[in-house]
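Enquirer: This is the structure I want to talk about, given as structure tokens.
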Amino acid sequence: MNKNRYPSVLLIYTGGTIGMIENQETGALEAFNFDQLIENVPELKRFNYSIDSYQFTPPIDSSDMEPSLWSKLVKIIYENYDKYDGFVILHGTDTMAFTASALSFMLEDLSKPVILTGSQLPIGKLRTDGKENLITAVEIAAAKNPDGTAIVPEVCIFFENHLLRGNRTTKINAENFNAFRSYNYPTLATAGIHIKYEHDKIHHPDPTKPLKPYYLYDTNVIVLTLFPGIQENIIRNILQTPGLRAVVLKTYGSGNAPQKPWFIKLLKEAKERGIVIVNISQCLTGMVEMGRYETGLHLLDAGVISGYDSTVEALITKLMFLLGHGKSDKEIRELMNQPIAGEFTKA
Ligand code: ASP
């Protein structure tokens, strides 16, 4: 590692509000050219960094994000890995937490920062939050320890002064600048007058291990949210969907669900057909503990596995990732039970 050269960052612009401009006729927000983005943030040039950019053409609203584009991001990062100290991905906020989660699994043994950011107001607007988000994300992506290793060698989301572990993050606000939260894992850094890093919370990889990129996924997964009154025929139809391989079951409280015999029977039958069912709470904070109440114990007996304190985004992308790599039912159950990228807390 050359410690004397300028830090270098690759800025990958996928789209989203940060790079949008108002159509004068319709008033709708439309994506604009990345060159204009840099024009709008001349401050970036004041860093003594070498900053290159890569633009998705066309840039997308992140509601159009697809797993194939996660693979594309992995490829861009892998192919440029030795050339840059860090990567900043500009991304719409709507699905940013899904992309960050997916990348955390698809980039094994990552030892450089991959920081996703975006904004609630377009960068061309006077009160934009995009400038600060972008500038600080670039600084974090370039930040090094005295020994030359990256301070934050993780996939993270930086938004409104907070650096969060990507696969612990959820979008929680469609209006405020403070749009993201990590309910079950502490903030990795806070940007005030200085950027204060929480070194003991940040993952420390083995820097001698090379980055291992993964490109495959299987999207035969679904999120099923329970509610009082949910019907048997609807659950049966969902669980009997041809090709279905995994279900993220959003239960109540500490992982509880109705005790109705038909419900437990449908889950058991699905498990026997090889469908992986993972239990996650509808509560945003806290941990699934299926042994705590009888209503949770039934799920355990039906072969449902715990999602612990994972986010939905982390669970669904982890399942896509594991299923896409030909893992057996048994291997998937084992790997769902252990964090592979710091995505849940296991006591
Ligand atoms: N719809 C936009 C997107 O996610 C919103 C944003 O950028 O914040 O792409």
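Here, each number is a calculation from the coordinates, and none is a lab measurement. Computed from a predicted structure; not experimentally measured. FYI the Cβ positions are ideal-geometry reconstructions off the backbone, even for glycines, and counts take in every protein chain you see.
Enquirer: Which percent, nearest 5, of DSSP beta bridges in the chain are antiparallel?
Expert: Restricted to the chain, the bridges split so that about 35 percent are antiparallel.
Enquirer: With a 10 Å cut-off between alpha carbons and a GNM built on the chain, which of Thr57, Thr26, Thr95 moves the most?
Expert: It is Thr26.
Enquirer: Net charge around Leu110, counting only other residues with Cβ within less than 14 Å of its Cβ (Lys, Arg = +1; Asp, Glu = -1)? Please list the in-between numbers first.
Expert: Numbers: positive: Lys112, Arg165, Lys209, Lys212; negative: Asp82, Asp85, Glu108, Asp109, Glu154, Asp206, Glu343.
With Lys, Arg at +1 and Asp, Glu at -1, the neighbours total -3.
Enquirer: Nearest-5 percent of antiparallel DSSP beta bridges in segment 79-214?
Expert: 65 percent
Enquirer: Hey, another quick one. Which of the pairs Lys72/Lys212; Lys83/Lys144; Lys265/Lys346; Lys83/Lys196 have their Cα atoms more than 21 Å apart in this structure?
Expert: Lys265/Lys346; Lys83/Lys196
Enquirer: So, one more: Among the trypsin sites (Lys or Arg not before Pro) in segment 262-325, which ones are in a DSSP loop with at most 15 other Cβ atoms within 10 Å of the Cβ? Mind listing them?
Expert: Arg273, Arg292
Enquirer: Once the Cα gyration tensor of the chain is diagonalised, what are the square roots of 5 times its eigenvalues, in whole Å and ordered largest first, as equivalent ellipsoid semi-axes?
Expert: Semi-axes (√(5λ), whole Å): 37, 22, 18.
Enquirer: Can I ask one more? Work through the residues other than Ile275 whose Cβ is under 13 Å from its Cβ and net out their charges, Lys, Arg +1 and Asp, Glu -1.
Expert: +2
Enquirer: Excluding Val304 itself, what net charge comes from residues whose Cβ is under 11 Å from its Cβ, given Lys and Arg +1 and Asp and Glu -1? If you can, show how the numbers build up before the last one.
Expert: On the way: positive: Lys268, Lys271, Arg333; negative: Asp301.
Counting the neighbours of Val304, the net charge comes to +2.
Enquirer: Calculate how many DSSP beta bridges within segment 208-347 are antiparallel, expressed in % of all such bridges and rounded to the nearest 5.
Expert: 5 percent
Enquirer: Order by neighbour count: Met20, Met106, fewest other Cβ atoms within 10 Å first, most last.
Expert: The most exposed by this proxy come first: Met20, Met106.
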